[in-house]
Amino acid sequence: MREMEHGLDDADLDLVAALQIAPRAPLNTVAEILGTSASTAGRRIQRLQQLRLLRFIGTVHWSLLTTGNPYVVWIKCRPGATVDVATAIRKVPQAQSLITTTGDSDIYCTLYPLPGTDPRRLLSRTLPEIPGIASIQSHLVLRSAREAFTWRLDRLTARQTEELRRQADVLPGAAPAGLGPLNEIEFRTLRLLVEDSRISAARVARELDVSRSTAYRTIQSLLESGAVRPRVEIEPAVLGFPITALFTLDVQPRHIPAVLTALGEHSCARFTVMTAGPASILHHGVFTDEDHLSRFVTDDLGTLPGLNGLNTLIALSVLRRQWIDRDDDLLLGPRAHDILSPVHG
């Protein structure tokens with residue numbers, strides 16, 4: 001049985017792949033589909049959680065979390081200052097992700113304008129005033145074609161995949177319904193789902209002192225509306241994809257929709273967006289090795305229409321994703337700050 005660098009074997013990978021499709025599915029159902037026992041699956045999950053490799057979290061829809069679209073930010077640092085700058089950015093509440101990179105930028109981060117944020121001050125004063133920063137480029141995200149919660153391992157059979165999809169609360173790519181303000185119970189339930197997307201209706205009922213039926217209806221409403229997306233949080237490197245590449249593509253305007261769609265549907269895609277900047281598309285991809293990456297550049301990017309230019313940066317270290325700090329692929333503690341305090345009302 002094949003074993004990965006962090007001690008994951010084929011059965012672990014199958015289990016993660018299944019839970020990526022149906023994060024909230026009953027464990028006995030997942031185990032039956034995979035041909036194992038619920039107790040064995042439970043022990044494997046517990047081991048990965050104890051090793052700080054895996055967490056079940058919920059991703060909140062932008063409209064409930066922020067006052068506007070995110071920004072992607074590229075930072076050049078003075079020589080020797082990258083580590084100190086990254087440490088300082090970790091203290092910025094709006095920094096949702098943080099990656100050190102090779103290439104013409106030293107740090108990449110995404111900034112989400114949480115309620116109360118002044119984006120102009122954040123981008124023109126808060127970040128530039130961090131000692132060690134030489135220059136900053138910030139680009140507004142205009143449209144999203146792929147978000148990380150939809151990326152998954154492609155290793156299960158077609159039958160297993162279809163059975164798991166029937167168990168999923170939210171299908172990949174499903175468009176969220178219209179989202180309005182949350183009431184108090186919805187907001188408090190959302191917070192619980194963000195921290196543990198497999199939380200049961202019984203536990204929500206106990207935590208919020210409501211009936212189990214109320215808790216169940218509220219959970220289902222939040223899931224079906226797209227207010228929160230359950231997901232398995234685990235670094236791609238742990239799953240056999242040690243290379244994260246960040247591509248910026250200069251695409252002729254009339255070809256942007258087609259290129260955005262093609263990249264968003266690619267199996268390597270974790271984050272694909274249209275931005276307002278010198279490069280119209282930003283694409284994050286994960287790869288098994290350098291040959292996999294080179295074939296993507298020549299065989300996939302090379303056939304895209306209207307591509308005028310391309311820049312590629314490679315992640316040296318992933319320091320934060322989804323507001324969860326990490327180190328050497330380990331998930332460090334709770335989320336960096338309370339991102340949901342002002343959401344409801």
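The values are calculated or read from the model by the stated rules, or taken from the named source; none is laboratory data. Predicted model, so just to flag it, every value in this text is computed and none were measured. Note that each Cβ is placed from the backbone with ideal geometry, even for glycine, and that neighbours are counted across all protein chains shown. All accessible areas refer to the heavy atoms of the entire protein, side chains included, with ligands and DNA or RNA removed. Shrake-Rupley method; radii C 1.70, N 1.55, O 1.52, S 1.80 Å.
Points to keep in mind about this one:
- One residue stands out among those in region 219-234 that are charged (D, E, K, R) and buried (at least 19 other Cβ atoms within 10 Å of the Cβ): the one that is farthest from the chain's Cα centre (by Cα), which is Arg229.
- Listed by position, the strands (runs of 3 or more DSSP E) inside region 262-330 whose residues that are at pLDDT 95 or above number at least 3 are 269-276, 281-287, 307-321.
- Every residue from region 267-291 that is closer than 20 Å to Thr100 by Cα, open to solvent by 10 Å² or more (accessible area, probe 1.4 Å) and either among the β-branched types (Val, Ile, Thr) or more than 20 Å from the chain's Cα centre (by Cα) (or both): Ala279, Thr288, Asp289, Glu290
- Only one of the numbered conditions (1) touching a helix residue (DSSP H, G or I) at 6+ places or on another chain (Cβ under 9 Å); (2) open to solvent by 30 Å² or more (accessible area, probe 1.4 Å); (3) over 20 Å from Arg152 (Cα atoms) is not met by Ser294, and that is (1).
- Pairs where the first residue, in region 246-261, is modelled with pLDDT under 95 and the second is β-branched (Val, Ile, Thr), C-beta under 9 Å, 6+ apart: none
- Residue in region 127-141 that is nearest to Val73 (Cα to Cα), counting only those that are open to solvent by 60 Å² or more (accessible area, probe 1.4 Å) and out of contact with any strand residue (DSSP E or B) (no Cβ under 8 Å at 6 or more places or on another chain): Glu129
- Taking region 156-172 as the range and being in a helix (DSSP H, G or I) and open to solvent by 30 Å² or more (accessible area, probe 1.4 Å) as the test, the residues that pass are Ala158, Arg159, Glu162, Glu163, Arg165, Arg166, Gln167.
- Some residue of region 142-155 being buried (at least 18 other Cβ atoms within 10 Å of the Cβ), in contact (Cβ under 8 Å) with a residue 60 or more places away in the chain, part of a helix (DSSP H, G or I) and touching a helix residue (DSSP H, G or I) at 6+ places or on another chain (Cβ under 8 Å): no
- Residue in region 207-220 that is touching a helix residue (DSSP H, G or I) at 6+ places or on another chain (Cβ under 8 Å), assigned to a strand (DSSP E or B) and not hydrophobic (A, V, I, L, M, F, W, C) present: no
- Residue check for Ala38: in contact with a helix residue (DSSP H, G or I) (Cβ under 7 Å, 6 or more places away or on another chain) and open to solvent by 30 Å² or more (accessible area, probe 1.4 Å): yes
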